[in-house]
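Report on one structure; see the data block that follows.
The values are calculated or read from the model by the stated rules, or taken from the named source; none is laboratory data. All values derive from a computational prediction rather than experimental measurement. FYI the Cβ positions are ideal-geometry reconstructions off the backbone, even for glycines, and counts take in every protein chain you see. These area figures cover heavy atoms from the full protein model, side chains too; ligands, DNA and RNA do not enter into them. Shrake-Rupley method; radii C 1.70, N 1.55, O 1.52, S 1.80 Å.
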Amino acid sequence: MALVKTSRALFSVSRYSLSPLSRHSFKLYSSASSSSSEAEEEEEVKDSGVGVVNLVLSPEETLAAEKFHSLIKNHQRKNPNPDHHSPNPNFAIPGLSFDLSQASSADSVSPAIVRRVIEKCGGVRHGIPFPQTLAFFNWATGLEEFKHSPEPYMEMIDLAGKVREFDLAWQLIDLMKTRNLEIPVDTFSILVRRYVRAGLAAEAVHAFNRMEDYGCKPDKIAFSVVISILCKKRRAMEAQSFFDSLKDRFEPDVVVYTSLIHGWCRAGNISEAERVFREMKTAGIQPNVYTYSIVIDALCRNGQITRAHDVFAEMIDVGCDPNAITFNNLMRVHVKAGRTEKVLQVYNQMKRLGCPADTITYNFLIDTHCRDDNLEEAVKVLNSAVKKKCNLNASSYNPIFRCISKLGDINGAHRMFARMKDLKCKPNTVTYNILMRMFAVSKSTDMVLKLKKEMDGNEIEPNVNTYRIIISTFCGIGHWNNAYRFFKEMMEEKCLRPSLPDYEMVLQQLRKAGQLKKHEELVEKMVDRGFVARPL
């Protein structure tokens, strides 16, 4: 029989845990909405997988993981459309297994290496090499010296759920049971979250109900997690139904009610959110700062500013101290509307009540000043945040770079970028795109290439906009070979779908250069991937 770990501690702090008590839970409540023209691009660079606690690998293990990952990606490049149906836990790719065996050292492949490789394979937004990753997992766990532990299996289950291979995910859980491996409760958290992300709420609840089949007794924490996950994905109706069916078995608390309110708010049903808000107070459960902050945020987003301030006043009256999240939620609607005076009023009230600003507060202030093209004030806010040792992020700098770009201040961009790196703030895809576009306009092709190389070195995934800037830069100066090279890289290595204007631009360059063979090859590649129809 499988060993099952039901520890609350594990459930709330594990790498896979999605407990409402975990550090990930309140991120949604406080996240800044993008308030720039590149909001969608900002959204693209967010982690699409689970929040990962960095694995600690030895230099040797890191090198081995990189080697295995490289072999997997190379196999994918050579076989972009593998013929595989209904993968199972025994799935293998003989050629890849041979290459992996040749690359492995005499030392055993550790569980940490396997986890890192699977994590890296699943960490891209497009073109996950799933068959190759599964084949790697089977090869590694099939090694005689492999020391089995739950974590690699859970990583593989998570990836299977991400690509919607749910039958395989269950087969892997069965495999854990067969191999007498510990099955943490968090395994089911993974499945629930992936089912919900796939829009399969009923299956998510079914996964919860199957826990006991594997010796995992559902408890209040697990109950809370299912509601939290459903609510985060706007499945409030299903969450409410699940709550109603089990609230007599698991006594609801402030976390569960807060999740439900959050779910109805995210679903855009403010009246239901307020009903649950009243119900929890009637049940004698006092809303906490997160509950109030969620209600205030929802009211603000729906234009009910006066009502939001009424709830804020109630919060103060009952002795619940607002935090930065509360004020950010009051501030957000004014940032988006470009009401600088109102933004500053909220910030001043925040200071009067002695509430310290957080990263999002400073980001809102910076963005507000940059919207007004007030670079000087934006930099003052940045300096203040640095002085107060606030952990700034790429979104703190991106509006400033956008402002500098408008001014065409190349030297200013260099200085700010150097300062950003000095402060150990990691640029993201949007940062590089803003800077690349700026250097492309100023005809600094070498700087565009340097930034792209730096992106690759820092393992920051380029997106379609990144390649558009690079390709148009080379097309603009007639360098068909480089335009063609980066177009192929975007399509073959990054598995991104090029835009038709970029495609036509490269084809035009190839025709001008008389590169008819490459022209035909590019058309074939686009047709094979279903991106364009075959020309008549």
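Structure notes:
- Solvent-free Debye scattering, log10 I(q)/I(0), computed from the Cα coordinates of segment 283-331 at q = 0.18, 0.24 Å⁻¹: -0.47, -0.81
- Probe 1.4 Å, all protein chains present, accessible-area order of K162, K387, largest first: K387, K162
- Of the whole protein surface, I404 contributes about 10 Å² of accessible area at a 1.4 Å probe radius.
- Heavy-atom accessible area, probed at 1.4 angstrom with all protein chains present, ranks F137, F98, F531 as F98, F531, F137, highest first.
- D (Stokes-Einstein, µm²/s), Kirkwood Cα radius, segment 312-351, 1.306 mPa s at 10 °C: 150 µm²/s
- Comparing N269, Q171, P152 along the charge dipole axis of segment 148-282, the residue lying farthest to the positive side is N269, per the Cβ-charge model.
- Annotation: C495 carries an accessible surface of approximately 40 Å², with a 1.4 Å probe and no ligand, DNA or RNA atoms counted.
- Per the Kirkwood formula applied to alpha carbons, the chain shows a radius of gyration over Rh ratio, Rg over Rh, of 0.99.
- The chain, relative contact order [Cα under 8 Å, separation at least 6], %: 11 percent
- Take every Cα pair under 8 Å whose residues are at least 6 apart in sequence, average their separation, divide by the length of segment 337-391, and the relative contact order is 33 percent.
- Segment 392-466: relative contact order in percent, alpha carbon pairs under 8 Å with at least 6 residues between: 32 percent
- In the full protein context, the chain carries 46 Å² of accessible surface per residue, based on a 1.4 Å probe and ignoring ligands, DNA and RNA.
- Carbon/sulfur fraction of accessible area - the chain, other protein chains in place, 1.4 Å, %: 50 percent
- Ratio of Rg to Rh for segment 148-201: 0.96 [Cα atoms; Kirkwood radius as inverse mean 1/r over pairs].
- Counting lysine pairs in segment 432-536 whose alpha carbons fall under 21 angstrom apart, excluding pairs fewer than 8 residues apart on the same chain, gives 16.
- Here the translational diffusion coefficient of segment 486-536 follows from Stokes-Einstein with Rh set to the Kirkwood radius across Cα pairs; for 10 °C and 1.306 mPa s it amounts to 143 µm²/s.
- Over the Cα atoms of segment 378-536, the radius of gyration divided by the Kirkwood radius equals 1.06; this is the Rg/Rh ratio.
- Per-residue accessible area (protein heavy atoms, 1.4 Å probe) orders H126, H262 as H126, H262, starting from the largest.
- Built amide H within the under 5 Å cut-off of I183, gap 5+: L3, V4, K5
- Cleavage-rule hits, trypsin sites (Lys or Arg not before Pro), segment 404-465, DSSP coil, Cβ neighbours within 10 Å at most 10: K424
- Considering helices alone, the calculated mean residue ellipticity of the chain at 222 nm is -20000 deg cm²/dmol, with DSSP H runs of length four and up weighted by -39500 (n - 2.57) and normalised per residue.
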